[in-house]
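The values are calculated or read from the model by the stated rules, or taken from the named source; none is laboratory data. Values in this document were obtained by computation on a predicted structure and should not be read as measured data. Counting neighbours? That spans all protein chains shown, and the Cβs are built from the backbone with ideal geometry, glycine included. With ligands, DNA and RNA removed, areas are computed over all heavy atoms of the protein, side chains included. Shrake-Rupley method; radii C 1.70, N 1.55, O 1.52, S 1.80 Å.
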Amino acid sequence: MCGIVGFTGRKPALPFLLEGLARLEYRGYDSAGVAVIERGSDSTEGSSDVVSIVRCPGKMADLMSLPALDGVRGDAGIGHTRWATHGRPSLENSHPQTDCTGEVAIVHNGIIENFRTLRAELEERGCTFRSDTDSEVIAHLVSVERSADRKSGLVEAVRKACRRLEGAFAIAVVAQSDPDLVVGVRRESPLVAGVTADAGLLASDFSALISETRDVVVLEDDQIVALRPGSMQVSDLDGNIVEPTCTHLDWDLEAAERGGYEDFMLKEIHEQPRAVADTLRNRYNQATGKLFLDELRTDSDLLKNIDKVFVVACGTSYHAGLAAKYAIEHWVRLPVEIDIASEFRYRDPVLDSETLVIGVSQSGETLDTIAACRYAKQLQAKVIAVANVVDSTLAREADAVVYTHAGPEIGVAATKTFLCQIAALELVALYLAQLRGTLYSSEISDILDEMHSLPDQIESILAEQNVDQIKAEAARWSGVTDAFYIGRGPGYPTALEGALKMKEISYLHAEGYPAGELKHGPLALIEDGVPVVAVVTNSNVSAKTLSNVEEVAARGGRIILLTNPGAQQEYLKEHDFPVEVILEVPETHQLLAPMLDSVVLQLLAYYVAKARGRNVDKPRNLAKTVTVE
Ligand code: M6R
């Protein structure tokens with residue numbers, strides 16, 4: 001997730017670009033840059049205009065402090081704040097990216113899935129690449145199309161280039177040869193445009209535009225917008241002109257930064273379909289039927305020879321690791337131990353060069369997890385990091401890394417990164433299964449098909465009527481002081497994560513337990529009206545979990561049952577099962593279910609916390625990144 005801005009007008013572009021980027025910095029903050037077209041004095045169009053680029057790794061403050069910005073003049077330009085996906089944060093990988101001659105400059109948000117093929121093709125045609133980004137191919141492609149047909153203009157060149165791109169993108173383009181034109185295109189990544197009497201404006205979200213206009217056009221997939229001072233034209237990738245629909249915004253600036261959501265947490269919950277889709281993107285080669293995890297860059301013989309796996313992580317990441325334990329053991333048939341990272345190195349674990357240690361961390365900066373992985377490396381174990389922040393300490397120090405592509409998460413409570421961690425970890429599990437031959441390729445592709453349905457299934461959980469039902473349930477929690485979450489198998493990590501979300505943001509006492517464990521002690525705490533959230537989506541242990549639910553109901557617990565539509569509900573009716581509330585979740589493979597079931601529990605925690613007037617984005621006593629032991 002990166003931030004994009006574009007401006008063309010009858011006044012200097014730089015103030016708008018910098019102000020807009022500062023507002024979009026929450027979308028990415030590992031590098032920033034602008035490209036502005038500086039007009040020459042020569043009257044021949046384009047002949048002495050230049051595209052000036054100023055960019056640097058680091059935050060907006062680093063960009064703003066560059067003396068080079070002082071000399072930048074020009075009325076049209078584009079800008080970018082980056083959240084690295086392909087290529088570590090560095091000067092070369094910062095945007096804008098240009099073609100070989102520097103005539104065309106682009107900024108990009110998203111992932112170009114076929115960039116390797118395109119890059120090879122463009123290199124063969126003589127293009128020289130200077131970055132590791134997937135984005136650079138766009139600049140070269142536009143330039144190649146532009147040179148092939150100079151008469152048709154920049155918009156047509158961008159259109160042709162985009163037809164070659166696979167994946168998700170929002171792009172802004174400028175070219176020296178058409179100095180007051182800014183072109184934008186989107187596919188599966190947000191892009192909005194606006195126009196005033198003397199300017200054309202482009203951005204990844206409204207917050208960057210509303211200082212200039214409150215009437216905006218939300219571009220749809222495969223639409224291309226051509227902006228000039230005071231004018232906007234929208235067309236599709238076939239060249240047909242499209243009549244854009246204008247939306248008037250009443251939001252204040254802060255609401256616009258949250259995309260209109262009340263909090264970043266809610267926004268991030270709603271971003272989950274996209275985040276999971278991005279994590280799964282470009283991992284499977286249809287032609288060969290093979291799963292590939294390029295980032296692993298690791299000797300496959302080494303992975304074939306491992307005889308044990310440890311997962312180390314903290315908090316929510318630990319819960320994702322626990323979900324992965326079930327998947328790795330089932331699919332790869334390797335023993336997996338899961339450790340709270342702060343316990344790992346002090347308990348003298350047994351590991352050697354044939355052990356694989358997977359460190360899971362959103363931030364990649366959690367000291368406990370980093371220290372556990374360092375310790376594992378000292379003992380010659382192979383370390384894979386599953387991280388969200390590119391080039392974070394954990395990612396740099398590990399032997400290999402798989403990124404989660406969730407984009408920046410602002411809310412302290414992890415939501416979208418949890419789902420993406422499970423997705424990434426399960427991809428690692430399937431990759432190991434492929435390598436070690438523990439699953440047939442048809443089995444792997446069946447599971448991947450189910451994984452690819454998850455974004456739509458998550459979207460359906462977020463539908464208004466479901467959310468209303470969860471809100472209604474949350475309203476019943478006003479006098480609650482204690483709550484229990486139970487599940488078995490993959491429902492257990494879901495229960496733990498549901499309870500953590502509840503306590504973290506609502507400050508309510510909530511405990512997660514394996515459902516079968518209640519009778520060994522915690523059942524003593526169940527009395528009339530205590531809410532017990534039971535995760536009983538379809539699995540090989542759902543019938544057993546239902547028996548545990550009955551034990552709780554018999555002691556007066558108020559059961560809130562998470563289940564799939566269909567068979568189980570029939571069973572509940574037939575057995576006159578004492579369930580007060582049923583929250584339905586679409587059905588999927590049981591090992592993928594935590595990625596759906598958890599969404600309901602995030603929403604439940606969110607609405608209980610809101611009803612209690614909590615600051616869900618910044619819960620008390622907690623920090624987003626914990627860099628102390
Ligand atoms: O950045 P990490 O994933 O390593 O962070 C680990 C925990 O601190 C984190 O998951 C924490 O538990 C979250 N606040 C949970 O919502």
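Taking all protein chains together and rolling a 1.4 Å probe, K377 ends up with roughly 80 Å² accessible. From the Cα gyration tensor of segment 211-321, with a ≥ b ≥ c the square roots of its eigenvalues, which class applies: rounded if a/c is under 1.5, or else prolate if a/b is larger than b/c, or else oblate? Cα axes put segment 211-321 in the oblate bin.
Excluding ligands, DNA and RNA, the accessible surface per residue across the chain is 38 Å² with a 1.4 Å probe.
In a reduced charge model with +1 at each Lys and Arg Cβ and -1 at each Asp and Glu Cβ, the chain shows a dipole moment near 840 debye about its Cα centre. Taking Cα centre as origin and charging only the Cβ of basic (Lys, Arg, +1) and acidic (Asp, Glu, -1) residues, the dipole magnitude of segment 169-322 rounds to 740 debye.
Phi angles across segment 468-484 convert, under the Karplus curve 6.51 cos²θ - 1.76 cosθ + 1.60 with θ = phi - 60°, into 3J(HN,Hα) values of 4, 5, 5, 4, 5, 5, 4, 4, 7, 8, 5, x, 6, 10, 9, 9, 10 Hz, Gly and Pro given as x. Listed by chain and number, the lysines whose C-alpha is less than 26 Å from the C-alpha of K290, apart from same-chain residues fewer than 8 away, are K304, K308, K325, K382. Note on V217: accessible area is roughly 10 Å² with a 1.4 Å probe, heavy atoms of protein only. For the pair K624 and Y261, a Förster radius of 22 Å applied to the C-beta separation gives a FRET efficiency near 0.75, rounded to the nearest 0.05.
If you roll a 1.4 angstrom probe over the protein chains with everything in place, what fraction of the accessible area of segment 239-318 belongs to carbon and sulfur, to the nearest %? Roughly 47 percent of what the probe reaches on segment 239-318 is carbon or sulfur. Helices in the chain, meaning DSSP H runs of at least 4 residues, each add -39500 (n - 2.57). Divided by all residues, the mean residue ellipticity at 222 nm is -11000 deg cm²/dmol. Packing around the peptides 522-531, 85-94, 3-12, taken as the average count of other Cβ atoms within 10 Å per residue, puts them in this order, highest first: 3-12, 85-94, 522-531. Element breakdown for segment 516-568 at a 1.4 angstrom probe: carbon and sulfur atoms account for 49% of the accessible area. How much FRET efficiency would the formula 1/(1 + (r/R0)^6) give for E580 and F292, where r is the Cβ-Cβ distance and R0 is 56 Å, rounded to 0.05? Computed FRET efficiency for E580 and F292: 0.75. Once the Cα atoms are used to define both axes, helix 416-436 deviates from the longest principal axis of the chain by about 80 degrees. Computed from phi, the 3J(HN,Hα) profile of segment 355-366 under the Karplus parametrisation 6.51, -1.76, 1.60 (θ = phi - 60°) reads 9, 9, 10, 10, x, 10, 7, 4, 6, x, 10, 5 Hz, with x in place of Gly and Pro. Rounded to two decimals, the Cα radius of gyration of segment 164-225 over 2.2 N^0.38 Å is 1.13. With both residues required to sit in the chain, DSSP beta bridges show an antiparallel share near 60%. Since only A543, I582, P514 are under comparison, the one whose Cα sits farthest along the positive direction of the charge dipole of segment 513-596, derived from C-beta charges on Lys, Arg, Asp and Glu, is P514. Each peptide in 223-229, 347-353, 507-513 receives the mean, over its residues, of other Cβ atoms within 10 Å, and ordering these scores from highest gives 223-229, 507-513, 347-353.
Among the protein heavy atoms, those of M64 account for about 100 Å² of accessible surface (1.4 Å probe, every chain in place). Rounded to the nearest 10 degrees, what's the angle between the helix 367-378 long axis and the longest principal axis of the chain, both from Cα atoms, 0 to 90? For helix 367-378, the angle is close to 90 degrees. Could you give the size of the charge dipole of segment 121-196 about its Cα centre, using +1 on the Cβ of each K and R and -1 on the Cβ of each D and E, expressed in debye and rounded to the nearest 20? Here the size comes out at about 300 debye. Axis of helix 594-611 versus longest Cα principal axis of the chain: the two differ by about 90°, to the nearest ten degrees.
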